[in-house]
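Below is one structure, written out as structure tokens, with a few remarks after it.
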Amino acid sequence: MLNELGHYALVLALALALVQSTVPLAGARMRDARIMRIADPVAGMVFLLVGLSFAALMVAYVRSDFSLLNVFQNSHSAKPMIFKISGVWGNHEGSMLLWVLILALFSALVAAFGGALPRSLKATVLSVQAWVLVAFLVFILATSNPFVRLSPAPLEGQDLNPILQDIGLAIHPPLLYVGYVGFSIAFSFAVAALIEGRIDAAWARWVRPWTLLAWLFLTLGIAMGSYWAYYELGWGGWWFWDPVENASFMPWLAGTALLHSAIVMEKRDALKIWTILLAILTFSLSLLGTFLVRSGVLTSVHAFATDPTRGVFILGILIVFIGGSFALYAWRAQMLRPGGLFAPISREGALVLNNLFLTAACATVLVGTLYPLVLEALTGEKISVGAPFFNLTFGPLMIPLLMAVPFGPMLAWKRGDLFAVAQRLWVALVAALVTVAVVAWLAGNTHLLAALGIGLAVWLMAGALTEPLVRAKVGREAFGTSVRRLVGLPRSAFGTMLGHFALGMTLFGIVASSAFESERIVVMTPGETIEIAGSRLTFEGMVAEIGPNYRQEVGVFRSVRGGRAAEMRPAKRIYTARQMPTTEAAIRTHGLSQLYLSLGDAKEGGAIVVRAYDKPFVLLIWLGAVVMALGGLVSLSDRRLRVGAPRPAAKRASGARTA
Amino acid sequence: MLLWFSVAILTALAVLTVLWPLSRRAEADDDASHDVAVYRDQLEEVERDVDRGLIEPGEAEAARAEIARRLLRASGKAEATAASGLTRRRAVAVVALVAVPAVALLLYAGLGHPGYPDQPRSARLEQPAGTGDMATLIARVEDQLAKDPDDGRGWEVLAPIYLRMGRANDAVAAYRNALRLQGENAERLSGLGESIVQANGGVVTDEASAAFAKARDLDPGATRPRFFLAMGLSQEGKTDEAIAAWTDLAASAEGGEPWLPFARAQIVALGGEAPPETEPVMPGPRRADVEAAASMSADDRQAMVEGMVSQLATRLDEEGGSVEEWQRLMRAYHVLGRSDAARDAAAKAREAFAGDPEAQARIASTESEIGLNQ
């Protein structure tokens, strides 16, 4: 009964979402308060219905109810409970349902906490949100229904893809989806503003925190996915410029630009057009990303051929939403009143520069991701666009942007003084130059680029720390006064500091782990010992083990580093139901660096191919992302209103300043 | 019943969420007042910042002036919300009462299966013993073995069933466990060998040969190990040894064995001279063969079917054949548990008899008979 009730709840949610997508919008146009108001409870009810449906599917997974085709195809009774639950979204149908659940959750949140919003804006936003909801519910019911039944029901399922049987699946997609779908709020607000033809003062106050929330989840989701790929795929790589990764990275780049734009809009009532454009762009890229991954277009263009309805549907949704919102933008954007004016050299100007660089970087990733797909669809020729392309295009765009980052927060609103800012950053600059010199001296001049990269990372970190210190006038006023000022700084200032500092951490990790990595690929026989980057690694032999739904051959290694020994157990697994092999890497962390061990093919006489890597400071890559998200959280907790105080033009010109 | 009751409750709740706000009075509201409130808050914020020393008084003055300009602009426009129209409210109420249930129920009628109950695995396994299909029985034994993996008898029961269902890798594992726990005998060893052969797509690997050889040593009279050993020799291209092995096997036959025609065909194919027949060799199993097969042990039947099927498939692929033969091939694959191969055969048959509606119908009936078209 529960299966069928879940199915019905989903259908009913669609019926109600149709009401939500039309009636409040009509009410807002007729300025009818009671009709507009139905949006709130309806949005809540749609969320409850989709939630019920999702819960029913989850129960079916937990109870191994193979009368659902989706459960049969993706579960197995011997699977550990955690993977039965995470398996709900480890497949196309279930993950689309999770997507819709989060979408409905976000509309319900706007309905619940949007009390301060002007009523017509709120009604329009919820209607726009419901358009997306309707499109996805129809997509699920028509082409990807998880409630399709199977009769007679088999007694055993086909199991989940073993690579997905990992704690990563429990965490990574929900984080990523909260990020993707969270940007739908910014999108709905942008479209609502275009429909209404004006932007309320409350608009930016709303858009910024929602964007921040979505952005911080997306940041964590991407970092989690990267770490998962790192330890699961067995090659020690953490980013492959793989289309699936790019699909999540593009909305992150656009979302980062959106976040910065929204700050300007909130504080200075400027960059409205930019913010609207970026809001539309970010969610469009989220949609594109979801579909590139979910439709199977990426693994092969032929996925369109194997399931034409799904592919065509996907294309239809993309065209309607992306095309529609951009057409609306082209038509209505000039109606929006431009905001405050500013000089080119000012905080606003710096943020425009930031937007330009980030969108350009996003465009290069888009080209690198879509070009091979389009080429294959048109000519059948397969090419792969990999790291070299992105290193040549994305890299050069990022370097000037990263160099400019410390300047941004120190510039004054409306009109700033670049030279004065540069003077305040001299400590950071010296720190960066000293780092370059020390690294170059230690590593030799073959690693000059790496030394410059690490110098840039230190510049970012020191520059980020400088900003609150300068604002608190540390060293220029009495110590007590400075501390008071520092404590009194708004939390968003610390959020900025953490975010920019973390960028430096990640860059440090990337440069250090790729430039100074040690790698050894050797055939080892039991008892043999190798040395890698200060660790002694002894192969003690292979052991066979049986897990709940797999068999594995474990290589037992003893690693000694600095007098401390530890056992490392990389393994090769065979998942019985699918007869599919996976590699399980063993990782030993020392400080911020890691020793990474993975097994290759077995050779004659108990020997085995061993891949060992030592990756210095590799943990900083993901720690940076975590600190970045933490910065977002700190900024989010700042409930104050934000006013960007411009420096008065006349007083500055006369040089008179009140201290 | 409970389902329809719940469906009714959900639908009623959904309708109510639309009707409820319509019935309540709404206070007047206008957008400009929201803007004014925001700007007033911003002015207060500037004051707080000045108190905390975060911005200079000069900057604060400029900020105040700018906010004041926005405030003036906002209070200039005031567009009040209109009163709610009764006709409009009625229209929305009708949508809620009629359209929502209609859309939901119609869609569900098209998509759902309200009469089909849930089938959680544990509940199905708890059905009283003796009921349930083969799959349920297997699952019960599997669950038992998951709890007690050292139950040798359980593995022994399960292994040949796996083999017959075509779950060759499971069969290999089960036979290994049975051998480990119950000790070696010819039956288990040849079962293991045959599972390995099936898992390797019919190739008698070294590992399989070793198992068969051991089985033959333990029970020199057993047919199955000798049959597969001979097959292995044929596959390796050791013609003379293979002929000798087949001839030896054929000589030990009493005449009615189902594998005999295959053995004879092998001898001829290898260029040897088949021993005198006791019964004419027929292409494919005739009624008599099938009856003979029914009285054989499961393992011998398996061996026979394997050999026959591969011969039949090759012949049909190369030379074509009648609809009946294609149907036979499909059923044979079904018996072996190779439903993919059966599906494949059905597709080939359809292709071969394109434009022959009667043949198509017969293929379709065989498909539904063996449960392919679900």
Practice item. Would you point out the residue of the range B:29-47, among those that are touching a Lys or Arg at 6+ places or on another chain (Cβ under 8 Å) and more than 8 Å from every other protein chain (Cβ to nearest Cβ), that is modelled with the highest pLDDT? Key: B:Leu43
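Regarding B:Ala93, is this residue more than 7 Å from every other protein chain (Cβ to nearest Cβ), assigned to a helix (DSSP H, G or I) and modelled with pLDDT of 70 or more? Walk me through how you get there before you give the answer.
Working: more than 7 Å from every other protein chain (Cβ to nearest Cβ): yes; assigned to a helix (DSSP H, G or I): yes; modelled with pLDDT of 70 or more: yes.
It is true that B:Ala93 is more than 7 Å from every other protein chain (Cβ to nearest Cβ), assigned to a helix (DSSP H, G or I) and modelled with pLDDT of 70 or more.
Quick check on A:Glu553: is it out of contact with any Phe, Trp or Tyr (no Cβ under 7 Å at 6 or more places or on another chain), modelled with pLDDT of 85 or more and under 30 Å from B:Asp148 (Cα atoms)?
On the way: out of contact with any Phe, Trp or Tyr (no Cβ under 7 Å at 6 or more places or on another chain): yes; modelled with pLDDT of 85 or more: yes; under 30 Å from B:Asp148 (Cα atoms): yes.
Considered against the rule, which asks whether it is out of contact with any Phe, Trp or Tyr (no Cβ under 7 Å at 6 or more places or on another chain), modelled with pLDDT of 85 or more and under 30 Å from B:Asp148 (Cα atoms), A:Glu553 comes out as yes.
Using the structure shown, decide if B:Ala26 is surrounded by fewer than 18 Cβ atoms within 10 Å (Cβ to Cβ), at the interface with another protein chain (Cβ under 7 Å from one of its Cβ atoms) and either closer than 30 Å to A:Ala204 by Cβ or at pLDDT below 75 (or both). Break it down into steps so the answer makes sense when it comes.
Values: surrounded by fewer than 18 Cβ atoms within 10 Å (Cβ to Cβ): yes; at the interface with another protein chain (Cβ under 7 Å from one of its Cβ atoms): yes; either closer than 30 Å to A:Ala204 by Cβ or at pLDDT below 75 (or both): yes.
Here the answer is yes, as B:Ala26 does meet what is asked.
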Point to revise | Flag for A:Met58 being more than 23 Å from A:Ala192 (Cα to Cα), touching a residue at least 12 places away in the same chain (Cβ under 8 Å) and more than 26 Å from the chain's Cα centre (by Cα) | key: no
Review point. Which residue pairs have Cβ atoms under 6 Å apart, sit 6 or more places apart or on different chains, and have a first residue in the range A:107-129 that is part of a helix (DSSP H, G or I) and a second that is hydroxyl-bearing (Ser, Thr, Tyr)?
Key: A:Val125/A:Ser188; A:Leu126/A:Ser107; A:Ser127/A:Ser21; A:Val128/A:Ser188; A:Gln129/A:Ser107; A:Gln129/A:Ser188
Review point. When the range A:1-57 is examined, which residues are found to be of a type in the set (A, V, I, L, M, F, W, C), surrounded by fewer than 21 Cβ atoms within 10 Å (Cβ to Cβ) and more than 9 Å from chain B (Cβ to nearest Cβ)?
Key: A:Ala55
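May I ask you to list the residues in the range A:94-116 that are within 14 Å of chain B (Cβ to nearest Cβ) and either surrounded by 24 or more Cβ atoms within 10 Å (Cβ to Cβ) or under 15 Å from A:Leu25 (Cβ atoms) (or both)?
Initial filter on the range A:94-116 (within 14 Å of chain B (Cβ to nearest Cβ)): A:104, A:107-108, A:111-112, A:114-116.
Result: A:Ala104, A:Ser107, A:Ala111.
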Review point. Quick one: B:Val203 ticks every box in (1) surrounded by fewer than 20 Cβ atoms within 10 Å (Cβ to Cβ); (2) assigned to a helix (DSSP H, G or I) bar one, so which box is it?
Key: (2)
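For every residue, the table says whether it meets (1) outside any strand (DSSP E or B); (2) within 14 Å of chain B (Cβ to nearest Cβ); (3) at positive phi; (4) of a type in the set (A, V, I, L, M).
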site: A:His500; (1), (2), (3), (4): yes, no, no, no
site: A:Met505; (1), (2), (3), (4): yes, no, no, yes
site: A:Phe508; (1), (2), (3), (4): yes, no, no, no
site: A:Arg520; (1), (2), (3), (4): no, no, no, no
site: A:Gly527; (1), (2), (3), (4): yes, no, yes, no
site: A:Thr538; (1), (2), (3), (4): no, no, no, no
site: A:Glu545; (1), (2), (3), (4): no, yes, no, no
site: A:Pro548; (1), (2), (3), (4): yes, yes, no, no
site: A:Gln552; (1), (2), (3), (4): no, no, no, no
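Step by step: first the residues of the range A:179-207, then only those that are within 13 Å of chain B (Cβ to nearest Cβ) and not hydrophobic (A, V, I, L, M, F, W, C), then the one that is surrounded by the fewest Cβ atoms within 10 Å (Cβ to Cβ). Which residue is that? If you could, list the steps in order and put the result at the bottom.
Within the range A:179-207, the subset within 13 Å of chain B (Cβ to nearest Cβ) is A:192-193, A:196-206.
After this cut, where a residue has to be not hydrophobic (A, V, I, L, M, F, W, C) as well, the list is A:196-198, A:200, A:205.
Values: A:Glu196: 21, A:Gly197: 10, A:Arg198: 17, A:Asp200: 22, A:Arg205: 19.
If we take residues in the range A:179-207 being within 13 Å of chain B (Cβ to nearest Cβ) and not hydrophobic (A, V, I, L, M, F, W, C), then A:Gly197 is surrounded by the fewest Cβ atoms within 10 Å (Cβ to Cβ).
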Check your understanding: From the list A:Ser75, A:Ser95, which residue is over 19 Å from A:Leu176 (Cα atoms) and among the polar types (S, T, N, Q)?
Key -> A:Ser75
Check your understanding: Is there a residue in the range A:259-278 that is of a type in the set (Phe, Trp, Tyr), closer than 25 Å to A:Gly624 by Cα and over 17 Å from the mean Cα position of the chain (by Cα)?
Key -> no
Review point. Can you tell me which residue in the range B:70-85 is farthest from A:Leu411 (Cα to Cα), limited to those that are at pLDDT 70 or above and more than 9 Å from every other protein chain (Cβ to nearest Cβ)?
Key: B:Leu72
Point to revise | Residue tally, condition part of a loop (DSSP other than H, G, I, E, B), of a type in the set (Gly, Ala, Ser) and under 32 Å from the mean Cα position of the chain (by Cα), over the range A:148-168 | key: 0
Check your understanding: Looking at the range B:226-247, which of its residues are over 19 Å from B:Ala211 (Cα atoms) and part of a helix (DSSP H, G or I)?
Key -> B:Thr239, B:Asp240, B:Ile243, B:Ala244, B:Thr247
Practice item. Go through A:Arg424, A:Arg476, A:Arg415 for me and flag whichever is modelled with pLDDT under 80 and either closer than 25 Å to A:His260 by Cβ or buried (at least 18 other Cβ atoms within 10 Å of the Cβ) (or both). Key: A:Arg415
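Quick check, is A:Ala270 among the small types (Gly, Ala, Ser), under 20 Å from A:Ala190 (Cα atoms) and at pLDDT 85 or above? Walk me through how you get there before you give the answer.
Working: among the small types (Gly, Ala, Ser): yes; under 20 Å from A:Ala190 (Cα atoms): yes; at pLDDT 85 or above: no.
No.
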Practice item. Output the number of the condition that A:Leu401 fails; it satisfies all remaining conditions of (1) farther than 22 Å from A:Thr256 by Cβ; (2) under 25 Å from the mean Cα position of the chain (by Cα). Key: (1)
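The values are calculated or read from the model by the stated rules, or taken from the named source; none is laboratory data. Computed from a prediction, not measured in an experiment: that's the story for all the values here. Every residue, glycine as well, gets a Cβ built from its backbone with ideal geometry; the counts of neighbours run over all protein chains shown.
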